[in-house]
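Only one structure is covered here, and it is reproduced in the block below.
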Amino acid sequence: AQRVTQPEKLLSVFKGAPVELKCNYSYSGSPELFWYVQYSRQRLQLLLRHISRESIKGFTADLNKGETSFHLKKPFAQEEDSAMYYCASITGGSNYKLTFGKGTLLTVNP
Amino acid sequence: DAGVTQSPTHLIKTRGQQVTLRCSPISGHKSVSWYQQVLGQGPQFIFQYYEKEERGRGNFPDRFSARQFPNYSSELNVNALLLGDSALYLCASSLGMGNNEQFFGPGTRLTVL
């Protein structure tokens, strides 16, 4: 079965510092990987997906098939980045369900 | 468009009761998925519906059921509630099957006493 692991429950950095939220997946095929974000009192929303190879709000994530990782990075954290971040994977076939990790709460201190 | 809407916002039930949660997708979206999010965990997939048919089911007991209506809205039913069913229930809609972005609703907070 698919599994998505986010090893850090909490991550605290100072404004302007680099940030990396870790995500590892277990799937031997070619999954689609996503990062979802939930800001305080807002609904869960898509931040980025690996197939689009975009940079959203300064965040990037590279799929590393050798390490089965999809870490989320930002070179200079901002206070408004404080939120809950979930890594998720999806496999195709007939069932496009999202499998989420447990999430990492990022706090960016002033 | 208000996005995905869910009702009710909060719900308190007692063990053994039954509950129905409702979801209205974004206009034009034909697929609805349901997720359960227990405190401290990520959302866990329950069901996906597309064009009124069940297209995917997660690892949940038969006490959980759902349906999708001709207007693409959906209901999630849970029978014989257990304390462990207390969670935030999220609905997500997407244009269709396949790798479409899923847009999430605000959720329904269910508390089972």
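The values are calculated or read from the model by the stated rules, or taken from the named source; none is laboratory data. Quick caveat: nothing in here was measured; it's all calculated off a predicted structure. When we count neighbours, we look across all protein chains shown, and the Cβ atoms used for this are built from the backbone with ideal geometry, even at glycine.
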### Query
When the residues of segment A:24-53 are filtered to those that are in contact with a Ser or Thr (Cβ under 8 Å, 6 or more places away or on another chain) and over 21 Å from A:K9 (Cβ atoms), which remaining residue is surrounded by the fewest Cβ atoms within 10 Å (Cβ to Cβ)?
A:G29
## Note on the structure
Checked segment B:80-110 for anything farther than 18 Å from A:S89 by Cα and loosely packed, with under 14 Cβ neighbours inside 10 Å; matches are B:A80, B:L82, B:L83, B:G84
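How about segment B:1-33: which of its residues are more than 22 Å from B:L81 (Cα to Cα) and in a loop (DSSP other than H, G, I, E, B)?
Narrowing segment B:1-33 to residues more than 22 Å from B:L81 (Cα to Cα): B:1-5, B:24-32.
Those that are more than 22 Å from B:L81 (Cα to Cα) and in a loop (DSSP other than H, G, I, E, B): B:D1, B:A2, B:G3, B:V4, B:P25, B:I26, B:S27, B:G28, B:H29, B:K30.
Test A:E67 against the stated conditions and say whether it is touching a residue at least 40 places away in the same chain (Cβ under 8 Å), more than 30 Å from B:T9 (Cβ to Cβ), in a strand (DSSP E or B) and acidic (D, E). Explain how you work it out, then say what you get.
Values: touching a residue at least 40 places away in the same chain (Cβ under 8 Å): yes; more than 30 Å from B:T9 (Cβ to Cβ): yes; in a strand (DSSP E or B): no; acidic (D, E): yes.
It is false that A:E67 is touching a residue at least 40 places away in the same chain (Cβ under 8 Å), more than 30 Å from B:T9 (Cβ to Cβ), in a strand (DSSP E or B) and acidic (D, E).
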### Candidate set: segment B:44-72, residues that are crowded, with 16+ Cβ neighbours inside 10 Å and more than 27 Å from B:G84 (Cβ to Cβ); chosen: the one modelled with the highest pLDDT
B:Y72
### Message
I'm checking my understanding of the structure. Among residues of segment B:1-18 that are of a type in the set (G, A, S) and in contact (Cβ under 8 Å) with a residue 24 or more places away in the chain, which one is nearest to B:K30 (Cα to Cα)?
### Response
B:G3
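Taking the stated definitions as given, is B:Q36 assigned to a strand (DSSP E or B), without any contact (Cβ under 8 Å) to a residue 60 or more places away in the chain and in contact with a Pro (Cβ under 9 Å, 6 or more places away or on another chain)?
On the way: assigned to a strand (DSSP E or B): yes; without any contact (Cβ under 8 Å) to a residue 60 or more places away in the chain: yes; in contact with a Pro (Cβ under 9 Å, 6 or more places away or on another chain): yes.
Here the answer is yes, as B:Q36 does meet what is asked.
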### Message
The conditions are (1) polar (S, T, N, Q); (2) within 11 Å of the chain's Cα centre (by Cα); (3) modelled with pLDDT of 95 or more, and A:S69 fails exactly one of them. Which is it?
### Response
(3)
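Facing another protein chain (nearest Cβ under 10 Å) and of a type in the set (G, A, S): is that true of B:G84 in this structure? Give the derivation first.
Values: facing another protein chain (nearest Cβ under 10 Å): no; of a type in the set (G, A, S): yes.
Spelling it out, it is not the case that B:G84 is facing another protein chain (nearest Cβ under 10 Å) and of a type in the set (G, A, S).
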#### Entry: Meets criteria (surrounded by fewer than 20 Cβ atoms within 10 Å (Cβ to Cβ), more than 13 Å from chain B (Cβ to nearest Cβ) and either assigned to a strand (DSSP E or B) or in contact (Cβ under 8 Å) with a residue 12 or more places away in the chain (or both)) for A:K102
no
### Query
Quick one: in segment A:47-66, which of the residues that are among the aliphatic types (A, V, I, L, M) and under 22 Å from A:P7 (Cβ atoms) is modelled with the lowest pLDDT?
A:L63
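Name the single residue, out of those in segment A:23-59 being in a loop (DSSP other than H, G, I, E, B) and within 16 Å of A:V108 (Cα to Cα), that is farthest from the other protein chains (Cβ to nearest Cβ).
Keep residues of segment A:23-59 that are in a loop (DSSP other than H, G, I, E, B), which gives A:23, A:27-31, A:39-44, A:50-55, A:57-58.
From the residues that got through so far, the ones that are within 16 Å of A:V108 (Cα to Cα) too are A:39-40, A:57-58.
Numbers: A:Y39: 13, A:S40: 13, A:K57: 16, A:G58: 20 Å.
Per the stated criteria, the residue is A:G58.
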